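Note sheet for the following structure.
FYI, it's all coordinate maths here, none of it is from the lab. A quick note: this is a predicted structure, and the numbers were derived from the prediction, not measured. Cβ: placed from backbone, ideal geometry, glycine included. Neighbour counts: every protein chain shown.
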Amino acid sequence: MRYPIHVLTDEDWPSILDVDTNAFGSTFETEVLDAERALHEPGRTIGAFDGETMVGLATAFSFDLSVPGSPTRLVPAAGISWVGVLPTHRRRGVLRGLMTTQLHDIRERGRESVAILWASEPVIYGRFGYGLASRAFALKVPRSPVALRADAPTDPALRLRLVPAQDAKEAADVYAAAVRARPGMIARDDRWTTRATSDHPSMRHGKSALRCVVVEGDGGDGGFRGYARYSTKADWTTGSPAGTVDVREVIALDAAALAALYRYLFDLDLMKVVELWNVPVDSPLLHWLNSTRAAAPSWQDSLYVRLVDVGAALSQRTYSTPIDVVLEVADPVCPWNDGAWRLVGGPDGARCERADDAGDQPDLSLSVTDLGAAYLGGTALAELAQAGRVQQHRGGDSALAAVSSAFTTSPQPWCPFIF
């Protein structure tokens, strides 16, 4: 290998920072870097070297990901992050070596059948088997006490309360419950809960400290039903208040609680606009707004999924309707996945095994990238077939429609944070 790859240790941290800041064109304060350093797991960060110089790196976090089921099932997933190559060494195979080595390591560890990531540049990761599995909308909602329609749900028993953003156990409990209701979410332990509430002054860029509002049932019985984390940025440059509400995260367990949180956020004094960076594509907010057009929703890609072990991954989720299909999977990066797999399952569970029977001719052929895109139920196989990325062999359109329907899910997958 032209650029040997080694497992990194804590002593390599200065070189890790050098690669990361040069690859992403950024500089962070010490407090931020120390917090990120604490998240790295021993043995899961690798680096590529040109002689004694580190020229590329990648790491993996040990996550549990919610996948389709009722309630959702939590499956181990490797969260890929800190992927970068020095500008001096791009297009020389460094990234391919890192990504391939990492996938082999994940398989050898045996914990995770799935790898996930957020892509800084989406075009990069498809060739390594990562498919776009979830999407979201970004919105800029003009501040208004009547931003929501009058018929948006209400509950007179609900009350709002401000709590310390870093000590909100209420929010952690709500988040944990939400993970069991929607695929694509990542369970948070204490480390990642701390990360979700991080509020380093150097990263505020003129905004206020992070705030948290919770919504709960009346009576103080601990019936927490939702929360929102946000900060504000004042603006008086025009002589009139024109501040911005920057929303980090909104999670609620029912529609009335969700609407209560949005009413609160959309009617904060001295603000002009509320910026939401990550709203589920099937959020009722899009139907509650009096003027969706005024919020200028913009589509964005979110979580990418890669099946490291096709058989195990497809066996770990459920399917909306009964399914019995043979999939011919192409995977040039992980050859152990390459070939035909028979998937039999339904709402109660599934099994996926090698299609060793000579009579098991494939019904569909697709790449592991497109299978990853369909894994969480957010990308329909029928849509991929229309794009020429899934080929039918037997049963025609009706068979494709049946398999596509079995893979899809409601609610849509959504990942609320970048790791």
Subject >> Residue-averaged 222 nm ellipticity for the chain, from DSSP H runs of 4+ at -39500 (n - 2.57), nearest 500 >> reply: -7000 deg cm²/dmol
**OP:** State the volume of the convex hull built on the alpha-carbon positions of the stretch 5-112, expressed per residue in Å³ and rounded to an integer.
**Re:** 122
Subject >> trypsin sites (Lys or Arg not before Pro) within the stretch 1-77: DSSP coil, no more than 11 neighbouring Cβ in 10 Å >> reply: R2
Original post:
Counting Lys and Arg as +1 and Asp and Glu as -1, each charge on the Cβ, what is the dipole of the chain about the Cα centre in debye, to the nearest 20?
Top reply: 860
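Pick out, in residue order, every one of the GluC sites (Glu not before Pro) in the stretch 45-138 that is DSSP loop and has at most 11 other C-beta atoms within 10 Å; say none if there are none.
Working: sites: E52, E108, E112; in loops: E52, E112.
Those satisfying the criteria are E52.
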**OP:** Could you point to the label whose value was computed as semi-axes √(5λ) of the Cα gyration tensor in Å for the structure here, given (1) 37, 30, 19; (2) 48, 29, 16; (3) 38, 23, 19?
**Re:** (1)
**OP:** Take I323, I116 and order them by how many other Cβ atoms sit within 10 Å, fewest up front.
**Re:** I323, I116
Original post:
Taking the chain as a Gaussian network, where each spring joins two C-alpha atoms under 10 Å apart, which residue of W288, W236, W299 fluctuates the most?
Top reply: W236
Subject >> Pairs of Lys in the chain closer than 19 Å at Cα, counting only those 8 or more apart or on different chains >> reply: 6
Subject >> For the stretch 291-305 versus the stretch 333-362, the gap between their alpha-carbon centres in whole angstrom >> reply: 35
**OP:** Among E216, E353, rank each residue by its count of other Cβ atoms within 10 Å, from fewest to most, as a rough exposure measure.
**Re:** E353, E216
Original post:
Can you sort T154, T232 by how many other beta carbons sit within 10 Å, fewest first?
Top reply: T154, T232
Subject >> Antiparallel content of DSSP bridges confined to the chain, in %, to 5 >> reply: 85
**OP:** Compare L33, L400, L384 in a GNM of the chain, Cα atoms joined below 10 Å, and give the one with the largest fluctuation.
**Re:** L33
Original post:
Hey, what does the equivalent ellipsoid look like for the stretch 8-55, semi-axes from the Cα gyration tensor as sqrt of 5 times each eigenvalue, largest first, whole Å?
Top reply: 18, 15, 8
Original post:
What is the spread of the Cα atoms of the stretch 200-292 along each of their three principal axes, largest first, in whole Å?
Top reply: 42, 31, 23
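Hey, what's the Cα Rg ratio for the stretch 309-407 versus the globular rule of thumb, 2.2 N^0.38 Å? Please list the in-between numbers first.
Values: Rg = 12.1 Å, N = 99, 2.2 N^0.38 = 12.6 Å.
Against the compact-globule rule of thumb, the ratio is 0.96.
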Original post:
Can you give the percent of C-alpha pairs in the stretch 136-301 whose distance is more than 22 Å?
Top reply: 43
**OP:** Arrange the peptides 404-415, 84-95 so that the one whose residues have, on average, the most other Cβ atoms within 10 Å appears first.
**Re:** 404-415, 84-95
